[in-house]
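Engineer: Following this message is one structure expressed as structure tokens.
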Amino acid sequence: MSPRSPRSARLTRALLGVARLSRDDWALLALALVLLPPVSVGLRLVGLRRALALVEALSRARRRDAEDDPRGAPRTAWLVEVAARCWRPRPTCLAKALVVLSLLRRRGLPAQLVVGVTKVRGPLEGHAWVELGGAVVGADPGPASYAALVRMPAWLPTSATIAPRERAP
């Protein structure tokens, strides 16, 4: 018997974790796999404001009542993180947060997007995450070292109330 390498042990654990996914988890994972690329590209092409409007439209499309599962929101964030590992280049924290936000709002949960900054490690760094009831969704330890710069409310104004870009004279 040969000793297992750390890489094969991680692969075995990952496969066992995937084998334990429920039907709802598979559906969320598939939806995250579908949403991550267009959200990543959309952020680069149309910017945050329009990407947020798109996320809001997607979450309104099939809104359903929130389940009483206390693990639901962290599980959703974990499944989005698993889906993000399948794509190259890896989606940014902002793209992942927008997908988590969309999936939670589809369930009728009042999630909000938070963008923070820090200068602890030298140059100014930014990070995005999702909060639900003031608590960070998921196991992301990063937000503790970031100062919240912008909090997007659990609802967005209609697209008619968003001011158009100002043009220089």
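Engineer: For the range 54-69, state whether one or more residues are at pLDDT 85 or above and either under 15 Å from Leu33 (Cα atoms) or of a type in the set (S, T, N, Q) (or both).
Structural biologist: No, the conditions are met nowhere in the range 54-69.
Engineer: Looking at the structure I just gave you, is Leu36 under 14 Å from the mean Cα position of the chain (by Cα), modelled with pLDDT of 80 or more, surrounded by 13 or more Cβ atoms within 10 Å (Cβ to Cβ) and closer than 23 Å to Ser22 by Cβ?
Structural biologist: Yes.
Engineer: Given the range 80-169, what strands (runs of 3 or more DSSP E) lie entirely inside it while holding 2 or more residues that are touching an Asp or Glu at 6+ places or on another chain (Cβ under 8 Å), modelled with pLDDT of 85 or more and under 19 Å from Leu43 (Cβ atoms)?
Structural biologist: 111-118
Engineer: Which residue is least open to solvent (accessible area, probe 1.4 Å), if the candidates are limited to the range 91-138 and must be in contact with a helix residue (DSSP H, G or I) (Cβ under 6 Å, 6 or more places away or on another chain) and basic (Lys, Arg)?
Structural biologist: Looking at residues that are in contact with a helix residue (DSSP H, G or I) (Cβ under 6 Å, 6 or more places away or on another chain) and basic (Lys, Arg), I get Arg105.
The values are calculated or read from the model by the stated rules, or taken from the named source; none is laboratory data. This is a predicted model, so every value here is computed, not measured. Here Cβ is always computed from backbone atoms with ideal geometry, including for glycine, and neighbour counts include all displayed protein chains. Remember, those area values only see protein heavy atoms, side chains included, never the ligands or the DNA or RNA. Shrake-Rupley method; radii C 1.70, N 1.55, O 1.52, S 1.80 Å.
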